[in-house]
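Enquirer: Quick one: the structure is below, questions incoming.
The values are calculated or read from the model by the stated rules, or taken from the named source; none is laboratory data. What you see is a predicted model; the values in this text were computed from it and never measured. Cβ placement follows ideal geometry from the backbone for every residue including glycine, while neighbour counts extend to all protein chains displayed.
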Amino acid sequence: MTFFRRILLCALISAPLLPAADQLTGFPFQTETLHYRVIWPGGKALGEVTMGARPTPGGGWDFDMSTNVGIPLVPIADKYQASATTFDLCSVTLNREISHGNKRVVERTKFDQKANQAMRQTVVPAGGGKTEMALPTCARDALTYIYYGRREMGQGRVPPAAKVFFGSPYEVKTNYTGAMDVPVGGKTKTTDKLEVSVKGPASDFKVEVFYDRDAARTPLLIRIPVTIGTVSLELVR
């Protein structure tokens, strides 16, 4: 599994309930856009990852994520979009546009929460077919689960083990390891560290996520293992 998928599957942490008088920014209080610098093993910056959250007029949420990483020979330019219900953040749709060098794949997944079924269709390349997947109650795709986890942790709850969907289903487990000071933007910040274990059909790995202690529980730093070392995503806003 390539590192950008691990970004999505590392999920988790949210925003505490604060008095209305406080100035609440970021998810789940208002529209949010976060920009991350991608640092390759050895310290070279090779691109960026952008994540966004927007409330919808119908009372739900739209999430998106884009990656632009200039890896030699196989540049990555992926886009992901998801929609979810407002209260429980149950998935409604997930769209994946994957571009690795000359390879391009486009998938659309629709979640039928009442029937506990999801339909994944490959649009590009043509003739990719359809796949039905059984869902647990209030199933979540990986992108939605990132925001669900932030909201849960902000209310004092570490999300329990869950099955999340990102093409295939993945088993996700989290372990809160306590406070840790990390360098972010040339300054040292006290963060809450979460270890995230992800297991799928052809993957089994752990990711470290460091969250700000702000109301929105903003992820400040993400460390992702790859075959040649560790890729870091550093928040630059």
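Enquirer: Among the residues of the stretch 32-47, count how many are without any contact (Cβ under 8 Å) to a residue 40 or more places away in the chain and either part of a strand (DSSP E or B) or crowded, with 18+ Cβ neighbours inside 10 Å (or both).
Expert: The total comes to 4.
Enquirer: Out of the stretch 162-193, which residues are touching a Leu at 6+ places or on another chain (Cβ under 8 Å), of a type outside the set (S, T, N, Q) and either loosely packed, with under 11 Cβ neighbours inside 10 Å or part of a strand (DSSP E or B) (or both)? Steps first, answer last, please.
Expert: Filtering the stretch 162-193 down to residues touching a Leu at 6+ places or on another chain (Cβ under 8 Å) leaves 164-166, 170, 172, 174-177, 182, 184-185, 189, 191.
Keeping just the survivors that are of a type outside the set (S, T, N, Q) gives 164-166, 170, 172, 176, 182, 184-185, 189.
Of everything in the stretch 162-193, those that are touching a Leu at 6+ places or on another chain (Cβ under 8 Å), of a type outside the set (S, T, N, Q) and either loosely packed, with under 11 Cβ neighbours inside 10 Å or part of a strand (DSSP E or B) (or both) turn out to be V164, F165, F166, Y170, V172, Y176, V182, V184, K189.
Enquirer: Something else now. Which of the residues belonging to the stretch 144-161 are surrounded by fewer than 17 Cβ atoms within 10 Å (Cβ to Cβ) and either within 30 Å of T122 (Cβ to Cβ) or touching a strand residue (DSSP E or B) at 6+ places or on another chain (Cβ under 7 Å) (or both)?
Expert: Of the stretch 144-161, the ones surrounded by fewer than 17 Cβ atoms within 10 Å (Cβ to Cβ) are 155-158, 160-161.
Within the stretch 144-161, Q155, V158, A161 qualify.
Enquirer: Only one residue in T190, T230, T137 is of a type outside the set (G, A, S) and either at pLDDT below 90 or within 24 Å of F87 (Cβ to Cβ) (or both). Which one? Explain how you work it out, then say what you get.
Expert: Details: T190 fails: either at pLDDT below 90 or within 24 Å of F87 (Cβ to Cβ) (or both); T230 fails: either at pLDDT below 90 or within 24 Å of F87 (Cβ to Cβ) (or both).
None of the others qualify; the one that does is T137.
Enquirer: Could you list, in sequence order, all residues of the stretch 134-147 that are touching a Ser or Thr at 6+ places or on another chain (Cβ under 8 Å) and hydrophobic (A, V, I, L, M, F, W, C)?
Expert: A139
Enquirer: If you don't mind, another one. Can you pull out the residues in the stretch 194-226 that are surrounded by 19 or more Cβ atoms within 10 Å (Cβ to Cβ), hydrophobic (A, V, I, L, M, F, W, C) and part of a loop (DSSP other than H, G, I, E, B)?
Expert: A215, A216
Enquirer: Could you grab the pairs with beta carbons closer than 9 Å, sequence gap of 6+ or different chains, first residue in the stretch 129-143 and assigned to a loop (DSSP other than H, G, I, E, B), second one of a type in the set (F, W, Y) and surrounded by 13 or more Cβ atoms within 10 Å (Cβ to Cβ)?
Expert: Hits for this filter: L135/F111; L135/F165; A139/F111; A139/F165.
Enquirer: If A202 passes every condition in (1) at pLDDT below 95; (2) farther than 27 Å from L94 by Cβ but one, which one does it miss?
Expert: (2)
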